[in-house]
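The values are calculated or read from the model by the stated rules, or taken from the named source; none is laboratory data. Since the model is a prediction, treat every value here as computed from it, not as a measurement. Reconstructed Cβ throughout: ideal geometry from the backbone, glycine too, with neighbour counts over all protein chains shown.
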Amino acid sequence: MEIEDDSRATIYTTLAEGPDFRHELEIRRSRFITVLRRSPDEDTARSLVAALRREFHDARHHCSAFVVGPDRMTQRSSDDGEPSGTAGVPMLEALLKRETAPGVTDLSDVSVVVVRYFGGILLGAGGLVRAYSESVSAALELAPLVQRRRLRLCEIEVPHVDAGRLENELRGSGFVMANTSYEAKHTVLRVALPDSSNTIADAQARVRALTAGAGRLNPQGTEWIDVP
């Protein structure tokens, strides 16, 4: 069985699945409308900018930033007409420096756009930096977040009549369940486990105990899965 390289990221935090998250601040008569989207790739991140340009077509600025990938290797930002370095970079830093747990900064697969309607009062460079940074930070304080883990999927083939009971017992034992499929002669339950030989061996023993020795985990590939 192939085990993934342990040097790669195995956990990070992102937005929970769902509609784009929105939050608005008014700072010295300017409206700052912040929109967050879960974005697993650059195309999804860039599509948020395009959509908001259409929706808020009369706004002066549509500044943006995004970070993508478990290792946060892809990072981009845009000032969209604001003075250089006063919007996109502070927004990106707000994403990168967001603590998801004490001392942990692992937020990724997130894009953000701040739509600004100018209120007639100039904020100055320092004021713009604070406004854009505060807009993103305030939205992240309220947005629903979730952890994603790189887990090893393992399959168990069981008779249809036993599938429901075994699935409940596995959940009750703390296993993370992935999708279930129903074949002609049996049900295939899928369990997502931390990708280590010791963990999989312990899970094998637990499955044997729950099935009186009849069940066996068959390790498959790895997959990123949202976990509670």
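Can you confirm whether region 201-221 contains a residue that is within 27 Å of the chain's Cα centre (by Cα) and either part of a loop (DSSP other than H, G, I, E, B) or of a type in the set (Val, Ile, Thr) (or both)? No: region 201-221 contains no residue that is within 27 Å of the chain's Cα centre (by Cα) and either part of a loop (DSSP other than H, G, I, E, B) or of a type in the set (Val, Ile, Thr) (or both).
Just checking, does region 165-182 include any residue being aliphatic (A, V, I, L, M) and without any contact (Cβ under 8 Å) to a residue 24 or more places away in the chain? Yes. Of all the listed residues (PHE56, PHE66, PHE32), the sole one being farther than 19 Å from GLY120 by Cβ and touching a residue at least 24 places away in the same chain (Cβ under 8 Å) is PHE66. Any residue at all in region 180-192 that is in contact with a Cys (Cβ under 9 Å, 6 or more places away or on another chain) and under 28 Å from ARG72 (Cα atoms)? So far as region 180-192 goes, yes, one or more of its residues are in contact with a Cys (Cβ under 9 Å, 6 or more places away or on another chain) and under 28 Å from ARG72 (Cα atoms). Scanning region 4-39 for residues that are modelled with pLDDT of 95 or more, closer than 18 Å to ARG72 by Cβ and not in a strand (DSSP E or B) returns a single hit, SER39.
If you go through region 99-135 and pick out every residue that is surrounded by fewer than 20 Cβ atoms within 10 Å (Cβ to Cβ) and over 21 Å from HIS61 (Cβ atoms), you end up with 8.
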